[in-house]
Every structure is written in structure tokens, then in C-alpha cells.
Amino acid sequence: MSGAGHSSPTILRVNGVAREVASPPERLLLDVLRGELRLTGTKRGCGIGVCGTCTVLVDGVPRLACRLPLGEIGEREVLTIEGLAGHDGTLHPIQQAFIDAGAIQCGFCTPAMVLRAKALLDRRPDPSREEIRRALGPVLCRCTGYHQIVAAVERAAHVLVRGKT
Amino acid sequence: MIGRSPARTDAREKIVGSTRYIADYVVPGVWQGITLRSAVAAGRIRTVTADAHFPHGEAVLVTGQELGATNRVAMVTDEMPFLATDAVRYAGEPIALVAAPTLHAARAAAHAVRIEIDPCTPLFSLQEAEERRRADPASVRVHAECRITRGDAAAALRNAAIVIAGTYTTQAQEQAYIEPQGVIAWPGQRGGTVIEGSLQCPYYVHNALVRLLGCAPEDVIVRQSPTGGAFGGKEDIPSVIGGHAALLARACGHPVRIVYDRHEDLLFTPKRHPSIVHHRTGVSEDGRLLAMEITVVLDGGAYTTLSPVVLSRAVLHATGPYECPHVAIHGVCLGTNIPPPGAFRGFGAPQVAFAIESHIDRIAHRCHLRPDEIRRRNIMRIGSVTATGQILRESVSAERVLDEALTASDFVRKWQAHGAAARQRHRRGIGLALTWHGGGFTGNGEVNLASVAALSIEDDGRLLIRTSNVEMGQGAHTALPQIVAERLGVPLERIACAQPDTSQVPNSGPTVASRTVMVVGRLIERCADQLADALEQAAGPRAQWNDFDGALDALRTAGDPLRFEARYEPPPGIHWDERTYRGDAYAVYSYACTVVELSTDTLTGEVKVERAIAACDIGRAIHPQVVEGQIEGGVLQGLGMGLLEQSTTHEGRFDQNRFQTYIIPTALDAPEILPIIVEDPYSRGPGGAKGLGELPVHGPAPALANAVAQASGRRITDLPVTPERIVAAGAGDPASPIRDLPSPSRDLPSPSRDPASPSGVGDEKEEA
């Protein structure tokens, strides 16, 4: 299972680092992240692209890692939950907002929710509540009723906008 | 510290993605286990054999034949086998297990296992079971049966001015925790095992594994892994999956992981019991309940599992929080050939809440009363007597939550406005439901559990709370430390909860029944008091301490024990007779009033829920933010049950085998949810707290059905309230596809406008 083998290794740019991976190009990104790179913050909740817990950002766009073969990523940058906080452990304002707003319960959907929130706020710094709900819509949560997650994204938007001005 | 909302103790790890759930564990040499299941719903197994292609040495096969008498899962009854050996009772029943170094290899090996079954005639539906039983009582298996009698309901019904009858049904509901079921078993010492998994009840699994493996209790260790939601769905089945993994680990000598994929999880793990509830209620013209005759029929599926306890909770909540002098309740749980249902948040109570709260609105309509008026006329208050003869003595807040919800929703004004609105295609409605939930185990359950919790002082000076109650998202491992912090006046940071591990924590019971804060929290509070006393013994009166650490040092120097335990003691004056179903069914009840506002398209049957309000009395909110999250999440699960979540079967197999077909609410489906915390303290709860976890689930479905009835004039008595059912309910009257609305009761019409039938008996149609 090591990098030595018949096919040449692929370079996967993930969380700001170019990683050499041995997985073949048809292997799903979810399995590469979880299996080979041990980035297990990306979850497998259904395996068929419905629950959304495997969401990662590819060049800032939310993608379902369980539906995305490694070979389709190419030079693009993958961001997983492990790459969001600073190297010194400082939380991203969205992460802090999730904690402050009580948006975390069992935590299984949390990484996907945070990444979807990031994709939204990067594009639309001051979204309406409806836009937030639309952005979070593809990720299932069974614990929260979504309200505290929506509130967390609103809180993060305030912090991020205020931080820029 | 009680009443404040500090950051959850598990928040940091979860937000950076470093929490390791069971599928995330890196275990060198781990093999993957899979389950081979029956293809038919009923039959007799002829053979289970590995053919010549089975890769012995590279894979292992385990069948039930080799297990003998230990092949029974210890639950309420020891009935269900880990692996079927003779009779097969449901499609998907486990028959054999295979493990191999990879999932791919395990699946390939499974192809070399031949299972032959002679099919026999199954029984698929509860309706069919009920009919069959009426014809021949011995023809249907009965998992459980019980009766509650107060007064003489039959006589009172004969004399009642008005009798209203109705039947209400609910389907199986899937817990839909987002993390699928999973465990890892390591081969253990002396025939034992070490289990880690996503589970709610470490000691349930421990008990089942000791029995299965026939080893000493100390040779089975069960640890809970961080659990990605459970809602009851990880109460009983981890004993089965844990047993499977342990058998495979014993067979192959490697650790074995079994993680269900979503398809397997949806199809074969327990769900909420399908139900049929019949009501016949005698009322006075002015809306007082005179007699209630209630029959609760649950579909218990293929094996007894938890059904007796679910049925018990169902009948005990069947009257709703209303007082009635004459009550006769008959509960029965019938056997069919569907996968055994189990625990799901509410545990029988949501089914009966849907029935009574729909029914009470129909009674209100018949008596020309508003929904709040009929409820207030019959509501439980201090001193009220329940169907089991229990006198409610404290923290009886049904009327308070009703008032809170009415005010917050502006219910009366909206009810009247919607009722008087023009009968257009798109119409709005508002509905409410008043519900209760007994905290902790039913009857003598807590006495029998005799839970023990402990608080220890660790070498680093931290206080460690040792319980077998798990964090599964509900915030228990934040709330329990808050209780200790409050009692001792120490910062939250120095208090932690041990990760549940049967070799490290005492048995404080399962993480179910809204009992963790109320019952186990109380034990922890008592442990904290013992510690405080010991510190005062060692370091003198508290006012003289320099700081907490100084007092701790004094305690250490004195050589006193650094671990404090408390065992459950029932509140004084509580008596329950399991045989007669008389007495105090629960030490105390929590109450909720849920209001749902929605709009309907009466042509297409579409429903848009606009707003839900839930006023919940839980005695005291330890962590208000967590409480609000529990209420919001529970309300949405209840709305899912009411509106979206369908479970249908074909040949005993659920049709909904993925999240594309089993629809749970998304962020776009969720309405605005307003949680209202009401605090009517309970003298025996920690800081006054009562049970919370299950309470918010009961009200949304009936409140929704009541709101749909107001908006559309169509009473849907079968959940979920789908567009198809709303359209079908409007199809009875071809001259007027849109039926008349129930009239609001602002100007009470005289009873003569709608006289009761002379006999007063019969299936009254509310809206026609």
C-alpha cells in the first residue's frame, strides 16, 4: 500500500500542502482523504452523495468527496476541516462562531457545515438567512433543528465583516 | 454555573475535525466484518455452509450453530438470537458473519457461503395482525400486554352525553443519526473481548457480551467511542453488533470492525414502533372528560427486544396530561415479520401523543371550544390524579407551558383569524399540542437499576465524573460538570467526564429515558456534596480555606479516600405496582406545549410549516443554550415524523433504504423554531432539573395535524400528513372540493346547533 508501485504517484494539494498520494486516480477523494491521508474530519455518512457530511472545498467550491475521483482534482486546492484553523491552533472565525452559538451537538455533520458556511461567506459576506439555509441545505443534521447552525453562520458573517472594516 | 452556557467540553475537538468516531480509528491489523442476512421474512433455515471456494485462512465464517445456548441477546427478555439458527423471523435477520482483512475480501468470501431457507407465511402489517388476532387470539404472537384501569370507563361511557371515537396510526420512524452504527472488537483475555463503539448503554453491551462469550465480567470491557447521534437508535442494537464483532474477533484472532453502511443501517436496525391507537371518549357538553377508553396497539416486529418497556411508556402517557375519572387503557404489542422496532426518542410516547392530541382537538370542535379551552378544562394540576392513581404533587406545569405557548404564538387571535378567513386555495392554520413526559425509567425501573455514579479526585487535581452515561451530542458531558461546579464552586475547567469504559466507571445505567441529568446528575450532585463534606472535615469550614487546592491537599494529607460514590435512592413516598399498574409511574413529569403555524395549498396538499413554538418545562435548565438546541432538534424530529418521514414495507422489507427515499428535514425544510424554557423546579433533581431529551418530540406531529385540520378542514389521522393524504381527505365531497372549516369559538354557538346523537355513541366525523 506504499507509494512504490506501478503507477506514478499523484500530487494532491490539500490544506495548503502538496501531498504525494499512492491512490489510483479512480479512487474516490473521500477514501484518499480518510484512508491514505488520515484526514478523518471528512465524514462518510451515506456514501452515495446524499447526506453531505463528506463535503470538502475544491478551489473554494463545496464538493462531495464521496462522488469525486482523485483524478478529477488535478491542480486544484482541496480544503478539509483540518486545514481551516491556523497553524498555531487559532480557530477560524466561523469555527469560533459555531462554538459560541452552540451549533455543535454530535459533531458528525459539523465539518461539512463549517466548510459550506465558509464557501458561502467567501462569496457573499453578508448573506440573508434564506441564503444561509440554502447554502446549508445539502448537509443533513439530525441533532440541531439547524437553527443554531444558521445563527452561527450569521454570527460569523458579522465577525468577518466587522474584522475587515 | 447552573443556568449559564459555557462552551461545550467537546466543542473544540469537534470543530477542528479531530474527534475520532469509530470509523476513524486507526487499528493495525484490523479485519472487516460483514453480516449475512435472511432474504425472506419468515422461514426455516435448512443449511448454512461455506462451499469449496471459501478462502479458509484468509477469511472466517461464524454461524449460530456453534454458539449453542449462549446464542441469545440479553435484553428485556433473552429471546432474540445473535444469529438465527432455525427459524427466521424477518427479512434481513442475521444468519452468519464473515470477516477478512478488507471489506472487499470479506464480501468476496461471503459469496462462498450458501444459505438455504424454506420460506413460510409471514405477517407483515399491524392492521393484518390486529384482524387476525380478533379472529383467533392464538394466531399472533404477543410481545407484551398491559392494562390500566381507573374507575369504570364502560359505565361512564354509557352515560356520557357525547361519545367521540377515533383511530390514529403512525409508521416506523428512523432515528437517522448521521453517524452509522459501528463497533470494533478486540480479542480479549480468557475468552473475553474489548469493545469500542458508537453506543448509548455501555453496560447493556457488557451484559450481553458476558452472556454471549461465557466469560467473567471483568474479561469484557466496553468503551463508548464519540457517538455521532443516537436518539435511542444506539440503545439495543450495539449489543447485537458488538456481539457479532466479538465472535468474529474470537474466530480470526484479529480486531474486527463492523461499520454499517447507510443502506444496511436504514433497512435492518430498529425504528420507532408503528402504532394504531383507538380512542373512545365520553365528554360533557361543556367539554369535560368523563371517560376514556384507549387501546394502544404497537407493532413489535420479529422479536420482543425493548417492546414491553416501550408499550409501558405508551400506555402511561396515553391520556395526555388530562385528568379523567374513568379510564380504561389496554396496550398490546403484536409480533409481525418486520425488523424488531426499538427505542427512538420518546419511546412510545410520541405515538400516543399524536392520538390524544388529535383526538382532543376533535372533542374541542364537537364541544365548540377552542383547542386551548378544552385543554385547560381538563388539564393536570397540583393534586390531579393520573390514570394509575398517582397524585401529582410537585412541578406540575402543564397550564404554565400552555399559557407560555399561547402568549408567544398569539394563538387565540390567530386561531380566530384563520378560522374566519376566506376559504381560498391557499390557507393558513395554527394548531397546538400539550404533552408530558415522565422522567427516568418507568415504575420500579430506577430502583431495579440501582445506578451508581462516582466523582474522583485525579492526581493532577482534576475532578473526574465517572458515569456510564455517554455524550452523544446532547450535551451531557457539559451539563454534568456544571452540576459539580455549581455545588463545589470550582471552575468548570477542572472538572471532566470520564469517557465511559466499563473498567473505569460504575454502572450508572443507560443513556436513555431523559434520565442522565435528572437521575444521574442528582447522583453526581450527591457525590459533590460528599466531597464538600470531606473537604470540610479535612480543611475546616469552607470560609477558612485559602483556596480549593489547599483544601484538596489537606484531604490528601489526611489519607482519606479520593473517590465518592452515590447510589440511586427513590424519592420518599413513591410506590409502583407493576402487576396492577397502579401507583407512581414516574417520580415527576416534564411538560411541553407545541404550537405549529403553517400554510396549505388545499389543491395540491402541500404544507409549508412557517413557525413552531415549544414551551418546555424541564424544572431547571442547566445549560440554556444546550437546552434550546435539544428543543429545536427535537421539534424538527417531531415535524419530520408529522410531515415527511414515511416508512412503507414490501414483503416485510422497508422501501426507504437510503436518504433519497427516507426523507429527513434539511435546513430548507426547517421552519423558524422558537424554544421557550419554563422552569418549575423539581425538589429531587440536580439544581431542580427534570428530564428534557425526549419531551420536545411529542408535540410537533399532532400540532401540525391540528393546524392542517384548521387550515384545510381535513383531519388526517394517519402519519405522516402527506400531500396525498390531504388531497385524498378533501376528495370525499365532489360538490365542494374544499370543505368547510371548523368554526372558531369566539361566539360560542348553542349546543343545539350541533346536537349530540341521542345515543351519543359512534364515530363522529369532525369535519364534514
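Select from segment B:39-53 the residues that are of a type outside the set (Val, Ile, Thr) and in contact with a Pro (Cβ under 8 Å, 6 or more places away or on another chain) and write down the one among them that is nearest to the other protein chains (Cβ to nearest Cβ).
B:Ala41
Restricting to segment B:462-481, and then to whatever is within 14 Å of another protein chain (Cβ to nearest Cβ), part of a helix (DSSP H, G or I) and of a type outside the set (Gly, Ala, Ser), can you tell me which residue is least open to solvent (accessible area, probe 1.4 Å)?
Of everything passing the filter in segment B:462-481, B:Thr478 is least open to solvent (accessible area, probe 1.4 Å).
For A:Asp126, which of the numbered conditions (1) surrounded by fewer than 24 Cβ atoms within 10 Å (Cβ to Cβ); (2) in contact with a Phe, Trp or Tyr (Cβ under 9 Å, 6 or more places away or on another chain); (3) more than 9 Å from chain B (Cβ to nearest Cβ) fails to hold?
The single condition A:Asp126 does not satisfy is (2).
Going through B:Ala621, B:Ala612 one at a time, which residue ends up being facing chain A (nearest Cβ under 10 Å) and either touching a helix residue (DSSP H, G or I) at 6+ places or on another chain (Cβ under 6 Å) or at pLDDT below 95 (or both)?
B:Ala612
Just for segment A:73-100: of the residues that are free of Cβ contacts under 8 Å to residues at least 24 places away in the same chain and more than 10 Å from chain B (Cβ to nearest Cβ), which one is farthest from A:Leu120 (Cα to Cα)?
Initially, segment A:73-100 is screened for residues free of Cβ contacts under 8 Å to residues at least 24 places away in the same chain, giving A:74, A:85-91, A:95, A:99.
Cutting the leftovers down to more than 10 Å from chain B (Cβ to nearest Cβ) gives us A:74, A:86-88, A:90.
Numbers: A:Gly74: 23, A:Gly86: 20, A:His87: 23, A:Asp88: 25, A:Thr90: 21 Å.
It comes out as A:Asp88.
Out of segment A:22-43, which residues are touching a Ser or Thr at 6+ places or on another chain (Cβ under 7 Å) and within 14 Å of A:Cys109 (Cα to Cα)?
Within segment A:22-43, A:Gly41, A:Thr42, A:Lys43 meet the criteria.
So which residues in segment B:382-392 are in contact (Cβ under 8 Å) with a residue 40 or more places away in the chain and open to solvent by 20 Å² or more (accessible area, probe 1.4 Å)?
To start, the set of residues in segment B:382-392 that are in contact (Cβ under 8 Å) with a residue 40 or more places away in the chain comprises B:384-390, B:392.
Listed by number, the residues that qualify are B:Val385, B:Gly389.
Identify, please: which residue in segment A:53-63 is of a type in the set (A, V, I, L, M) and within 19 Å of B:Val16 (Cα to Cα) and is, among those, farthest from the other protein chains (Cβ to nearest Cβ)? Even if it seems obvious, please write down each step before you answer.
Going residue by residue through segment A:53-63, those that are of a type in the set (A, V, I, L, M) are A:56-58, A:61.
Of the ones still in play, those that are also within 19 Å of B:Val16 (Cα to Cα) are A:56-58.
Details: A:Val56: 11, A:Leu57: 13, A:Val58: 17 Å.
That would be A:Val58.
Here are some conditions: (1) open to solvent by 60 Å² or more (accessible area, probe 1.4 Å); (2) in the same structural domain as B:Glu93 (by TED's automatic domain parsing). B:Ala42 meets all but one. Which one does it not meet?
So B:Ala42 meets the others, but not (1).
Scan segment B:574-590 and give yes if some residue there is within 30 Å of A:Cys141 (Cα to Cα), more than 14 Å from chain A (Cβ to nearest Cβ) and crowded, with 24+ Cβ neighbours inside 10 Å, otherwise no.
There is at least one residue in segment B:574-590 that is within 30 Å of A:Cys141 (Cα to Cα), more than 14 Å from chain A (Cβ to nearest Cβ) and crowded, with 24+ Cβ neighbours inside 10 Å.
Rundown of residues vs (1) of a type outside the set (D, E, K, R); (2) within 30 Å of B:Val490 (Cα to Cα), yes/no style:
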| site | (1), (2) |
| --- | --- |
| B:Arg425 | no, no |
| B:Ile430 | yes, no |
| B:Ala433 | yes, no |
| B:His437 | yes, no |
| B:Val452 | yes, yes |
| B:Ser456 | yes, yes |
| B:Gly461 | yes, yes |
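Go through segment B:21-38 and give me each residue that's closer than 14 Å to B:Val183 by Cβ, under 32 Å from the mean Cα position of the chain (by Cα) and either open to solvent by 30 Å² or more (accessible area, probe 1.4 Å) or away from chain A (no Cβ under 14 Å) (or both).
We begin by selecting, within segment B:21-38, every residue closer than 14 Å to B:Val183 by Cβ; these are B:21-25, B:27, B:30-35.
Subsequent filtering for residues that are under 32 Å from the mean Cα position of the chain (by Cα) retains B:21-25, B:32-35.
B:Ala23, B:Tyr25, B:Gln32, B:Gly33, B:Ile34, B:Thr35, listed by residue number.
Among the residues of segment B:244-267, are any surrounded by 24 or more Cβ atoms within 10 Å (Cβ to Cβ), touching a residue at least 60 places away in the same chain (Cβ under 8 Å), assigned to a loop (DSSP other than H, G, I, E, B) and not small (Gly, Ala, Ser)?
no
Take segment B:550-571 and flag every residue that is outside any loop (DSSP other than H, G, I, E, B), acidic (Asp, Glu) and within 29 Å of B:Met518 (Cα to Cα). Can you show your working first?
Pass one, segment B:550-571, residues outside any loop (DSSP other than H, G, I, E, B): B:550-557, B:563-567.
Going one step further and asking which of them are acidic (Asp, Glu), we end up with B:553, B:565.
Residue satisfying the conditions is B:Glu565 alone.
Restricting to segment B:676-699, what's the tally of residues that are on the phi < 0 side of the Ramachandran plot, surrounded by fewer than 21 Cβ atoms within 10 Å (Cβ to Cβ) and not in a loop (DSSP other than H, G, I, E, B)?
Residues flagged as on the phi < 0 side of the Ramachandran plot, surrounded by fewer than 21 Cβ atoms within 10 Å (Cβ to Cβ) and not in a loop (DSSP other than H, G, I, E, B) within segment B:676-699 amount to 3.
Could you please tell me which pairs satisfy a Cβ distance under 7 Å, a separation of 6+ or placement on different chains, a first residue in segment B:219-242 that is among the hydroxyl-bearing types (Ser, Thr, Tyr), and a second residue that is open to solvent by less than 10 Å² (accessible area, probe 1.4 Å) and not in a loop (DSSP other than H, G, I, E, B)?
Qualifying pairs under 7 Å: B:Ser225/B:Ile22; B:Ser225/B:Gly197; B:Ser239/B:Val205; B:Ser239/B:Ala208.
Look through segment A:28-52, keep the residues that are in a helix (DSSP H, G or I) and open to solvent by 10 Å² or more (accessible area, probe 1.4 Å), and return whichever of them is nearest to the other protein chains (Cβ to nearest Cβ). It would help to see each step written out before you state the result.
Looking only at segment A:28-52, we keep the residues that are in a helix (DSSP H, G or I), and these are A:29-36.
Going one step further and asking which of them are open to solvent by 10 Å² or more (accessible area, probe 1.4 Å), we end up with A:31, A:34-36.
On the way: A:Asp31: 11, A:Arg34: 7, A:Gly35: 10, A:Glu36: 12 Å.
The qualifying residue nearest to the other protein chains (Cβ to nearest Cβ) is A:Arg34.
What residue, of A:Arg116, A:Arg67, is open to solvent by 20 Å² or more (accessible area, probe 1.4 Å), within 30 Å of A:Ser8 (Cβ to Cβ) and more than 9 Å from every other protein chain (Cβ to nearest Cβ)?
A:Arg67
Among the residues of segment B:122-173, count how many are within 28 Å of B:Ile716 (Cβ to Cβ), open to solvent by 20 Å² or more (accessible area, probe 1.4 Å) and assigned to a helix (DSSP H, G or I).
Final tally of qualifying residues: 7.
Name the single residue that is nearest to the chain's Cα centre (by Cα) among those in segment B:328-341 being surrounded by fewer than 24 Cβ atoms within 10 Å (Cβ to Cβ) and closer than 19 Å to B:Ile356 by Cα.
Restricting to residues being surrounded by fewer than 24 Cβ atoms within 10 Å (Cβ to Cβ) and closer than 19 Å to B:Ile356 by Cα, the top hit is B:Val332.
Taking the residues in segment B:64-102 that are of a type outside the set (S, T, N, Q) and part of a helix (DSSP H, G or I) as candidates, determine which candidate is surrounded by the most Cβ atoms within 10 Å (Cβ to Cβ).
The qualifying residue surrounded by the most Cβ atoms within 10 Å (Cβ to Cβ) is B:Gly64.
Table: residues versus (1) touching a Leu at 6+ places or on another chain (Cβ under 7 Å); (2) β-branched (Val, Ile, Thr).
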site	(1), (2)
B:Tyr203	no, no
B:Cys215	no, no
B:Glu218	no, no
B:Phe231	no, no
B:Leu247	yes, no
B:Gly253	no, no
B:Val259	no, yes
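B:Cys215 is checked against (1) within 30 Å of B:Gln630 (Cα to Cα); (2) assigned to a loop (DSSP other than H, G, I, E, B) and fails just one. What number does that condition carry?
Condition not satisfied by B:Cys215: (1).
Residue-wise test of (1) among the aliphatic types (A, V, I, L, M); (2) in contact with a Gly (Cβ under 7 Å, 6 or more places away or on another chain); (3) open to solvent by less than 10 Å² (accessible area, probe 1.4 Å); (4) not in a loop (DSSP other than H, G, I, E, B).
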{"site": "B:Leu674", "(1), (2), (3), (4)": "yes, no, no, yes"}
{"site": "B:Leu704", "(1), (2), (3), (4)": "yes, yes, yes, yes"}
{"site": "B:Ala711", "(1), (2), (3), (4)": "yes, yes, yes, yes"}
{"site": "B:Val721", "(1), (2), (3), (4)": "yes, yes, yes, no"}
{"site": "B:Glu724", "(1), (2), (3), (4)": "no, yes, no, yes"}
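Which of the numbered conditions does B:Leu434 fail, given that it passes all the others? Conditions: (1) under 21 Å from the mean Cα position of the chain (by Cα); (2) among the aliphatic types (A, V, I, L, M); (3) open to solvent by 10 Å² or more (accessible area, probe 1.4 Å).
Of the numbered conditions (1) under 21 Å from the mean Cα position of the chain (by Cα); (2) among the aliphatic types (A, V, I, L, M); (3) open to solvent by 10 Å² or more (accessible area, probe 1.4 Å), the odd one out for B:Leu434 is (3).
Tally up the residues in segment B:222-243 that are more than 14 Å from chain A (Cβ to nearest Cβ) and either of a type in the set (A, V, I, L, M, F, W, C) or assigned to a helix (DSSP H, G or I) (or both), please.
8
The values are calculated or read from the model by the stated rules, or taken from the named source; none is laboratory data. Being a predicted model, the structure only gives us computed values, none of them experimental. For neighbour counting, all protein chains shown are included, and Cβ atoms are generated from backbone atoms with ideal geometry for every residue, glycine included. Accessible surface is based on the protein model in full, side chains and every heavy atom, while ligands, DNA and RNA are left aside. Shrake-Rupley method; radii C 1.70, N 1.55, O 1.52, S 1.80 Å.
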